[in-house]
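The values are calculated or read from the model by the stated rules, or taken from the named source; none is laboratory data. Being a predicted model, the structure only gives us computed values, none of them experimental. Cβ placement follows ideal geometry from the backbone for every residue including glycine, while neighbour counts extend to all protein chains displayed. Calculation scope for accessible area: heavy atoms of the full protein, side chains included, ligands and nucleic acids excluded. Shrake-Rupley method; radii C 1.70, N 1.55, O 1.52, S 1.80 Å.
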Amino acid sequence: MPDSPLIYPWNAEESSKRVEAAVREFWTVRDAAGEAQRARGNVDAGTRGKVTAGKHLDAFAKLFLEVVCAAGFEQSEVHSGRNHNVPGYFRSQKCWDLVVIRDGRLCAAIELKSQVGSFSNNVNNRTEEALGSSTDFWVTFREGTLGPRRPWLGYFMLVEDHPKSRKSIKNHTSPLGIREEFLGSSYIDRYRILCERMVLEGQYSAAALLTAPIASPGAFSQPSEGLEVDVFMRSLFGHLVGLQGGSK
């Protein structure tokens, strides 16, 4: 147990400023990755070249790392990259973007995703991927592979705020119809529904959803109160503090 109470590091205003800075860095790093590939003469199709460098969400990973350390963990207990895969049940391993491990026990894991352009091609893939990963994670925990205490699992998504991501999506006809909440929904709406329901159904301990326009780096919106980044980080902080006692 720590010598003094562990205190969440930011008030609402400070938290918003840090999220704004992370959004700005997201666009900066993403654009730099695209420029670097063009300079090498290796340009991926569409906008893929801007994300294949794999570093565009590092600013958010660093933000969450600060929360983990504020909760009494050391940086050496926080891992990322393929050298720290988490074992699975339906597959051998899963590479989560941020993993917190203490004394050989998994305390928390976070998946960080973004969606910029190509909305129609990826929203269903993201949905299936998120649900498949969480299902595998919790069955692995049930089987005793991840330790005796339930870990915290988080899902973070940043979606480009664009007329195409905000417009109503046409649904294919089906003899069974479609649930009412999806009628007239946009891609952003569908990500909101996905994240809200993954938390509601216990697939993830918490989820965060941001929308951000390319034209205004740093600007962002949060489509759901329950999916705000500050709420997400406070949930992570509270879980980790609860593992060792003492918070404020």
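Under the Kirkwood approximation for Rh and a Cα-based Rg, what ratio Rg/Rh is obtained for the range 147-203?
Details: Rg = 15.1 Å, Rh = 13.6 Å.
The Rg/Rh ratio comes out at 1.11.
Would you mind giving the three semi-axes, in whole Å and largest first, of the ellipsoid equivalent to the range 91-180 according to its Cα gyration tensor? Provide the component values of the computation, followed by the final result.
Working: eigenvalues 216, 59, 19 Å².
Output for the range 91-180: semi-axes of 33, 17, 10 Å.
With θ taken as phi - 60° and the coefficients 6.51, -1.76 and 1.60, list the Karplus ³J(HN,Hα) couplings across the range 100-110 in order, rounded to whole Hz; mark glycine and proline as x.
10, 10, 9, 6, x, 10, 6, 9, 7, 8, 10
Roughly speaking, to the nearest percent, how much of the chain's 1.4 Å accessible area is carbon and sulfur? List each step's numbers first, then the result.
On the way: 6180 of 12890 Å².
Roughly 48 percent of what the probe reaches on the chain is carbon or sulfur.
What net charge is computed for the residues neighbouring Glu225, neighbours being all others with C-beta under 14 Å from the C-beta of Glu225, Lys and Arg scored +1, Asp and Glu -1? It would help to have the intermediate numbers written out before the result.
Values: positive: Arg192, Arg234; negative: Glu196, Glu228, Asp230.
Result for the local shell: -1.
Would you mind giving the average projected area, over all directions, of the Cα convex hull of the chain in nm² with one decimal?
Values: hull surface 60.9 nm².
If you wrap the Cα atoms of the chain in a convex hull and average its projections, you get 15.2 nm².
Where in the range 170-211 does the amide nitrogen come within less than 15 Å of the point 7 Å from the Cα of Ser221, taken along Cα to Cβ?
Residues 185-193, 209-211 qualify, since their backbone N sits under 15 Å from the label point.
Residues with beta-carbon under 11 Å from that of Tyr187, excluding Tyr187: net charge, scoring Lys, Arg +1 and Asp, Glu -1? Write out the running numbers ahead of the final one.
Values: positive: Arg126, Lys164, Arg166, Lys167, Arg190, Arg192; negative: Glu160, Asp161, Asp189.
Charge balance in the 11 Å sphere: +3.
Suppose accessible area is computed on protein heavy atoms with a 1.4 Å probe; arrange Arg149, Arg192, Arg30 from highest to lowest.
Working: Arg149 110, Arg192 60, Arg30 5 Å².
If we order Arg149, Arg192, Arg30 from most to least accessible, we get Arg149, Arg192, Arg30.
Order the following by accessible area, largest value first: Thr28, Thr140. Probe radius 1.4 Å; ligands, DNA and RNA are ignored. Could you put the intermediate results ahead of the total?
Working: Thr28 85, Thr140 0 Å².
Correct descending sequence by accessible area is Thr28, Thr140.
Principal axes first, then extents: for the Cα atoms of the range 104-248, list largest minus smallest coordinate on each axis, whole Å, largest first.
48, 41, 23
With every protein chain present, what is the per residue accessible area of the chain (1.4 Å probe, Å²)?
52
For every helix of n ≥ 4 consecutive DSSP H residues, a contribution of -39,500 (n - 2.57) applies; sum these over the chain, divide by its total residues, and give [θ] at 222 nm rounded to the nearest 500 deg cm²/dmol.
Details: 6 runs with 98 residues, N = 248.
Calculated from helices alone, the mean residue ellipticity at 222 nm is -13000 deg cm²/dmol.
Here are some pairs, Lys17/Lys113; Lys62/Lys94; Lys94/Lys167; Lys17/Lys55; Lys55/Lys167; Lys113/Lys164; which of them have Cα atoms lying more than 23 Å apart in this structure?
Values: Lys17/Lys113 21 Å; Lys62/Lys94 21 Å; Lys94/Lys167 34 Å; Lys17/Lys55 21 Å; Lys55/Lys167 29 Å; Lys113/Lys164 19 Å.
Beyond 23 Å: Lys94/Lys167; Lys55/Lys167.
Given axes a ≥ b ≥ c from the Cα gyration tensor, I'd like to know whether the range 180-248 is rounded (a/c under 1.5), prolate (a/b larger than b/c) or oblate.
On the way: a/c = 3.92, a/b = 1.52, b/c = 2.57.
Cα axes put the range 180-248 in the oblate bin.
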